[in-house]
1. Do we have any residue at all in region 147-165 that's modelled with pLDDT under 75, out of contact with any strand residue (DSSP E or B) (no Cβ under 8 Å at 6 or more places or on another chain) and surrounded by fewer than 10 Cβ atoms within 10 Å (Cβ to Cβ)?
2. Need the failing condition index for F72 against (1) of a type in the set (F, W, Y); (2) surrounded by 13 or more Cβ atoms within 10 Å (Cβ to Cβ); (3) over 30 Å from C131 (Cβ atoms); (4) modelled with pLDDT of 80 or more, just the number.
3. Given the residues Y130, Y182, Y141, which is the only one that is surrounded by fewer than 12 Cβ atoms within 10 Å (Cβ to Cβ) and of a type in the set (F, W, Y)?
4. Among the candidates S172, S140, single out the residue that is at pLDDT below 80 and closer than 30 Å to M70 by Cβ.
5. Can you find even one residue in region 174-197 that is farther than 30 Å from L60 by Cα and basic (K, R)?
Amino acid sequence: MIVLIFVKWLKEWSPPANAPSILIDFINMFLMKYPNDDQPETKYLNPWYPHKQQIQTALLILALLQVPIMLFIKPIIKVFFTRRPKPTNNNIEESTASNSQQQPQRNNDHDSEDSTGDIFIYQAIHTIEYCLGSISHTASYLRLWALSLAHSQLSEVLWTMVMHAGFANDNSNLIVRAILTYVSFAFWALLTVVILVIMEGLSAFLHA
């Protein structure tokens, strides 16, 4: 996504309405939808770099493959490559005396050593936690993005309905027009602070 943001910044789009929507692009990526419409009003949804469908499908498959890799690879490596090999019969006969002295310590080591089932359960918990965290962070990011778009539209509505109405007053009395402009600005500033600043800051704090 970071690469797409920089590519979108660096490339010139003429007209600007044809600039692609990265948010819609990512949603279509996970839905595996690849629209290719020649209509002018939906031209921003068309592919804007070569082999877009193949690249997005490959990235989606790689992301899904990380789940079994995280779930199985680490426990397998820990079980088969970090376990100490069991001693042979000859080694047991030769080291009977030394083993009798170190038996309490070996029992303690054996008790502290995790079993294979515990290792897989521990890794499964971490894998599920990571997957749920990734989904939660993605949902929070999309929610913040949608809130920012909604707030930008709301600011335009406030400007049109409040400030523009105060400026467009055609009263011939300058004092009345000044009072209306002052009241309109105060009301617009209050709504801007309450709705745009406080709500945006609170939503960002809650989803941080």
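The values are calculated or read from the model by the stated rules, or taken from the named source; none is laboratory data. Note that this is a predicted model, so its numbers are computed, not measured. For neighbour counting, all protein chains shown are included, and Cβ atoms are generated from backbone atoms with ideal geometry for every residue, glycine included.
1. No, every residue in region 147-165 fails to be modelled with pLDDT under 75, out of contact with any strand residue (DSSP E or B) (no Cβ under 8 Å at 6 or more places or on another chain) and surrounded by fewer than 10 Cβ atoms within 10 Å (Cβ to Cβ).
2. Only one criterion is unmet by F72, namely (3).
3. On the way: Y130 fails: surrounded by fewer than 12 Cβ atoms within 10 Å (Cβ to Cβ); Y141 fails: surrounded by fewer than 12 Cβ atoms within 10 Å (Cβ to Cβ).
After ruling out the rest, the residue left standing is Y182.
4. Details: S172 fails: closer than 30 Å to M70 by Cβ.
Within the list S172, S140, the selection yields S140.
5. Going through region 174-197, the residues farther than 30 Å from L60 by Cα turn out to be 174-197.
If we keep only those that are basic (K, R) as well, we get 177.
For region 174-197, residues farther than 30 Å from L60 by Cα and basic (K, R): present.
Yes/no matrix, rows are residues, columns are (1) touching a helix residue (DSSP H, G or I) at 6+ places or on another chain (Cβ under 9 Å); (2) modelled with pLDDT of 90 or more; (3) farther than 30 Å from F30 by Cβ:
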| site | (1), (2), (3) |
| --- | --- |
| T57 | yes, no, no |
| I92 | yes, no, yes |
| Q103 | no, no, yes |
| H110 | no, no, yes |
| T116 | yes, no, yes |
| I119 | yes, no, yes |
